[in-house]
Amino acid sequence: MEITEKKERNCTVVSISGRLDTTNYSVLEKKLMELIDSGEIRLLVNLSGMDYVSSSGLRILLMALKRITMAKGKFVLCSLQENIKEIFEISGFTNIFEICDNEEAGKKAF
Amino acid sequence: MTRKVKSKKNKKDRIRFGFRSLSFRYSIFFILAVMLIFLVSFIYTLIYTLEILAKEAMTDTSNTMELTIAHLEKTFQEVEEVPNVLARFVNTADPNYTEMRKVLQGIVLSEPYVYGTSMAFEPYTFQRDSLYYALYSYQTESGIVTKFLGGASYNYFDKEWYAKAKEAGKPIWTEPYYDEGGGDTLMCTYSVPLFRDIRGEETFIGVITLDISLSAIGKAIAKLKIYETGYAFLVSGDGAILYHPDSSLINQNVFKLAADSVNPRFQSLAGWITDSTEMNKVIILGATTNSTKVEVLPSTGWYLVVVFPIKEMFSDLIDFLKYLGTIFLFSLLAVFIVTILITRRLTKPLRNLVKATHQIGQGDFDLELPRLKRRDEIGVLSKSFSVMLEKLKEHIETLQHTTAEKEKIESELNIAHTIQMGMLPREFPLRTEFELFAMLDSAKAVGGDLYDFFFLDKDHLFMSVGDVSGKGVPASLFMTVVRTLFRSRTMDGQPLHQIMSLINKELCKDNPNVMFVTMVSGIINLKTGTIELCNAGHNLPLIMDREGNVKRLSLFSAIPLGIEDYHGFRTEKIQLNPGDRLVLYTDGITEALNAKGDFYNEALLSGVLKEHHRADVPTLVKQVVSSIHGFAVGVEQADDITLLILGYQKSSDSGEGVIETKAIRIPNQLEQLHVIVQTIEEISRDWNISSKASMELNLVLEEIYTNIVFYAFPDKNEHMIDIKFSLSSSGILEVVIIDDGKYFDLIEASEEVKLDAALEERKVGGLGIHFVKQMMDEMSYERRGGKNVVTLKKHIK
């Protein structure tokens, strides 16, 4: 799994690629919590490179969403692959996450 | 064994008995005994000698006293004779002055004790005109002087010597006195009355006296030499001391002295004089160590007292005793030294032996024992000790030799055992349609049992259990041959009985020791559950159904392999039902003995199998083997124990055969997750599984696996988790996950996830099981043989 972040005009884009599972979710957890703690509460997470996410990975995304929502920030996901989208659907996450088709659309949501 | 132990204690351990040594103790005892004997005899001798000496001393003293007394008596008798002569002279010769003076002077001259002599007459008797008439001759320094006594200044009629003699009418001795008239010496006077026959009448006419100089008597007494300081003294009948070496006491009265003085000598003395019965006793006076003897002088009634010092009396004896004691002490010392020397000499070989024992005790067996020529107990001991040492040496050498041999053989046997065990297949196939597990527990390092199994092809598994006659290396070598033959011959696809015949023939060919092997072999068709079995003189296999009912298979029993060329082997077919367990074993199980001598028979085996019929096959095998060990506890295992159990499960619910299988076994470490991922990738590619299904499989297995890793094992030890994949021809993918962790029913435990809940209500966890339920078509949980078995099914085509 690779995590990159870039600062945009009105939000921070975090790109996650590869496999997010039980063995590495804590890396993402740390990263996201650091960002939120440092006041970056406008986050756009680009999942275009992510080809696998397990429930533990989903848990981190849910935690991040909850914390940012409480901090009155905004947390948007974009560019989900088809199978990842299915997992989100099975999980019921499509109902609670704001998901955009691509990064451009995501940025516009802020 | 270490031959030489160098120890720091060596110095300390050196034999030093010192005061505890035999020689010292022996000498001490000896000396004490000698001393005791000496002392007793010494004391006895002392007492005896003292008695004798005392007796002798007394006798000596008595003799001396008697002699003195006799001497004195003789003197007195001589003295007493003189007046009679004088009286006769006076009465017959009627002498004149000159004659009388001559006689008196002659007496004084001739009698050494006589100081003076007198003749005193009654008034007007000797000379008619004279009141006084007394003539006195006595010694002076210038010679013998004669003078007249009597006159106004010296009225001798009143004097004791005159008056008393006159009054008594017989001779008397006066008490001592200083004669102021005559000589100035202490004297006693012997006065004899003088009578004359006047007209037929004895008439008193005067007194004849003899003055005895006490100093002269004293000289005689002083001659009595009584040891060094002993002395004698003379006491008159009235108690006046007539002579005493201490001149101040002379003329003193003992009664007065006794009354005045605290000196007990005189008190006792006074006592004896008063009571004459006390006399002649030798007693010790008061606190002084002097003894006193008193004798009476018969003529005068005086007492001769002899004081003799006991100390001096025995001084010779004491000197002698001192001398004797010194000699005795020196002799004792000499005896002591001699005894020590002798005992040391006597016990020297003993000490050498002790030293030798010590050295031997420290491992020095090459010690040379001194040869002793003596034939006493010590000689015998030393000799037997040498013999013992020799034997010990021999024994140790033999022991070392045999131990080395034994160790060598044992290590070789251990290697052989390792090789033999290495030949037995340990990797048991992980397949969904059957379970197989076997154990071989050899009685000795190298055993004669064997089991084997291998796939002939995808659907056919060969298995065998055998027992080679005998044990040890030959049996294990034979077993290796058998195994190799089966491995090489069974691949040919021939029927089982032909394979057995062939191998039998081969084994018979070069078998000079006529070793043989009993064996049951079988080939199972895993698709159909049909099993072909062939028995060569082996224990008949058991079969247990799903409910735990055990029965023995009644197979034809041909002769064991290796005995003779034989063609009567038979292949017999058995149909296994799903859940059936086929049990192959050797007689090491049914003939295991317990302490009472009972066999672990087939009935017990069946019982244990039934008891654990729900357990999985490996557990079942282990349970049976541990029950045998429990049964035979305390008894040495006599034979190898071999048990192989095949559990048959029908592969697919549709009854269709399994076309693909894959199994992995991974430890409970999260890092091993990639093995699952890789395996899924592999089977997805090989079995043509869609990427969506593959990802779902990934998700599900990750959930279950992580769940097991996190929660199943509180003990933190390593555990293995089995995952078996199989694909049936109808396109159903079955995944079985088995772990031996604590009971956990995944399905029961899962909570319903509310998918439409608002963000605030959505729980962070619980998604995993939701995925499993969502993504798999079937899911079942089973607790089987202490294991959690989760079976998942999914249609993938």
*Got a number for carbon plus sulfur as a percent of the range B:95-217's accessible area, 1.4 Å probe?*
49 percent
*Leaving out ligands, DNA and RNA but keeping every protein chain, what accessible area does B:Glu377 have, in Å² rounded to the nearest 10, with a 1.4 Å probe?*
150 Å²
*Once you charge only the Cβ atoms, +1 for Lys and Arg and -1 for Asp and Glu, what is the size of the charge dipole of the range B:95-217 about its Cα centre, to the nearest 20 debye?*
320 debye
*How many angstrom separate the Cα center of the range B:317-338 from the Cα center of the range B:673-731?*
111 Å
*Roll a 1.4 Å probe over the protein chains and send me the accessible area per residue for chain B in Å².*
52 Å²
*Percentage relative contact order, the range B:424-648, counting C-alpha pairs under 8 Å, at least six apart*: 26 percent
*asked:* Let me see the P(r) profile for the protein assembly as shown: every Cα-Cα distance counted, bins of 10 Å, each bin given as a percent of all pairs.
replied: 2, 8, 10, 9, 7, 6, 6, 5, 4, 4, 3, 3, 4, 4, 5, 5, 5, 5, 3, 1, 0, 0
_Estimated vicinal HN-Hα couplings, Hz - the range B:585-591 in sequence order (Karplus 6.51, -1.76, 1.60; Gly, Pro = x)_ = 8, 10, 5, x, 7, 6, 10
*Could you tell me which of rounded, prolate or oblate describes the range B:658-795, using a ≥ b ≥ c as the square roots of the eigenvalues of the alpha-carbon gyration tensor, with rounded for a/c under 1.5 and, failing that, prolate when a/b is larger than b/c and oblate otherwise?*
oblate
*Karplus 3J(HN,Hα) series, Hz, for the range B:423-434 with 6.51 cos²θ - 1.76 cosθ + 1.60 (x for Gly, Pro)*: 6, 6, x, 10, 8, 8, x, 9, 9, 6, 7, 7
*asked:* Need the per-residue list for the range A:75-99: every residue with at least 40 Å² less accessible surface in the complex of protein chains than in the chain by itself, probe 1.4 Å, sorted by number.
replied: A:Glu86, A:Ile87, A:Ile90, A:Ser91, A:Ile96
*At each listed q (0.18, 0.23 Å⁻¹), what is the log10 of I(q)/I(0) that the Debye formula gives for the range B:95-217 modelled as equal alpha-carbon point scatterers?*
-0.94, -1.49
*Taking a 1.4 Å probe, which of A:Lys108, B:Lys509, A:Lys6 shows the most accessible area, and what order do the others take after it?*
A:Lys108, B:Lys509, A:Lys6
_For the range A:2-108: accessible area per residue (Å², 1.4 Å)_ = 43 Å²
*asked:* How would the range B:358-492 be classified by its alpha-carbon gyration tensor: rounded, prolate or oblate, with rounded meaning a/c under 1.5 and the a/b versus b/c comparison settling the rest?
replied: prolate
*Would you mind checking which residues have amide H under 5 Å from B:Ile250's amide H? H placed 1.01 Å from N; only 5 or more apart, or other chain.*
none
*Can you work out the FRET efficiency for the pair B:His567 and B:Glu602, with r the C-beta to C-beta distance and R0 = 35 Å, to the nearest 0.05?*
0.70
*For the range B:130-135, take each phi angle, set θ = phi - 60°, evaluate the Karplus expression 6.51 cos²θ - 1.76 cosθ + 1.60, and give the result in whole Hz per residue in order, putting x for glycine and proline.*
10, 5, 9, 8, 9, 10
_Ordering B:Ile337, B:Ile689 by accessible area with a probe of 1.4 Å, largest first, what comes out?_
B:Ile337, B:Ile689
*Based on Cβ point charges of +1 for Lys and Arg and -1 for Asp and Glu, what charge dipole magnitude is obtained for the range A:2-108 about its Cα centre, in debye rounded to the nearest 20?*
480 debye
_For the range B:424-648: rounded, prolate or oblate by the Cα gyration tensor [a/c cutoff 1.5]_ = oblate
*Amide hydrogen neighbours beyond the local backbone of B:Ala240, cut-off 5 Å, H modeled*: B:Val254
_Computed Rg/Rh of the range A:1-106, alpha carbon atoms with Kirkwood Rh_ = 0.92
_Per residue Cα convex hull volume in Å³ - calculated over the range B:615-716_ = 181 Å³
*Which order do B:Arg665, A:Arg19, B:Arg371, B:Arg20 take by accessible area at a 1.4 Å probe, largest first?*
B:Arg371, B:Arg20, B:Arg665, A:Arg19
*asked:* Relative contact order of chain B, please, whole-number percent, based on alpha carbon pairs below 8 angstrom and at least 6 residues apart.
replied: 7 percent
_Buried accessible area, chains B and A (both chains, 1.4 Å probe, Å² to nearest 100)_ = 2100 Å²
*Leaving out ligands, DNA and RNA, what percent of the accessible area of the range B:678-781 is carbon and sulfur, probe 1.4 Å?*
46 percent
*Putting +1 on Lys and Arg Cβ atoms and -1 on Asp and Glu Cβ atoms, find which of B:Val387, B:Ile645, B:His674 reaches farthest to the positive end of the dipole of chain B.*
B:Val387
_What figure, in Å² to the nearest 10, do you get for the accessible area of B:Phe569 with a 1.4 Å probe and non-protein molecules left out?_
10 Å²
*Treating only the Cβ atoms of Lys and Arg (+1) and Asp and Glu (-1) as charged, compute the dipole magnitude of chain B about its Cα centre; round to the nearest 20 debye.*
1960 debye
_Please list, ordered by chain and number, the residues whose modelled amide H lies under 5 Å from the amide H of B:Arg784; skip anything fewer than 5 residues away on the same chain._
B:Val789
_Furthest towards positive pole of dipole, B:Gly785, B:Pro309, B:Ala168, structure part chain B, Cβ charges_ = B:Pro309
*asked:* Given all pairs of different Cα atoms, what value in angstroms does the Kirkwood hydrodynamic radius of chain B take?
replied: 41.8 Å
_On Cα atoms only, tilt of B:617-631 relative to the major axis of chain B in degrees_ = 30 degrees
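The values are calculated or read from the model by the stated rules, or taken from the named source; none is laboratory data. None of these values were measured; they are calculated from a predicted model. When we count neighbours, we look across all protein chains shown, and the Cβ atoms used for this are built from the backbone with ideal geometry, even at glycine. The area values use the complete protein model at the heavy-atom level, side chains included, leaving out ligands, DNA and RNA. Shrake-Rupley method; radii C 1.70, N 1.55, O 1.52, S 1.80 Å.
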